[in-house]
């Protein structure tokens with residue numbers, strides 16, 4: 001039993017020793033006056049203003065050529081940033097110079113019209129198209145056709161070439177585009 005008391009006593013002494021050492025470490029650390037780290041003062045850079053007399057314009061050009069390059073905006077070949085991106089249809093119609101009433105063929109798009117016959121070998125070749133309702137119209141060179149202000153430019157053996165007017169979105173100019181209407185052949189359906 002005495003052995004047990006000695007071991008308890010040693011354990012208690014050891015615990016007390018650790019407690020005292022920890023207390024001493026705390027005291028010595030608190031004993032010193034600890035100061036917060038020094039704050040560095042940050043100063044804003046100041047520009048030195050030199051009092052130089054104003055130079056004449058000729059000297060400024062010489063100085064610019066030495067290293068300072070002035071920016072110059074050149075609008076040539078660039079879009080006008082103040083023009084609207086979306087153009088009104090009235091302005092487009094005015095640009096196409098439409099002053100005549102639309103013909104019945106101009107009320108349909110070329111995709112809606114079907115080329116059904118071509119007559120060549122005569123002085124003025126002719127062609128016939130059919131509208132979605134089944135009505136037939138005869139075409140010759142110069143006939144106005146389609147909802148994009150198209151005009152028949154040539155009638156060939158198996159096709160009719162139509163030149164449509166469109167407006168280029170970037171420049172606003174009228175652009176001509178060739179669109180063929182190809183004759184439907186019953187033989188192609190069997191293949």
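Data overview
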item	result
Label-point gap, in nm, between residue 133 and residue 69 - each point 7 angstrom along Cα→Cβ	6.6 nm
Rounded FRET efficiency, nearest 0.05, which uses the C-beta distance separating residue 177 from residue 123 and R0 of 25 Å	0.35
Peptides ranked, highest mean first, by Cβ atoms within 10 Å: ranges 123-135, 153-165, 7-19	153-165, 123-135, 7-19
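Here, each number is a calculation from the coordinates, and none is a lab measurement. What you see is a predicted model, and the numbers here were worked out from it, not measured in a lab. Cβ sites come from the backbone with ideal geometry, for glycine too, and all protein chains shown count toward neighbours.
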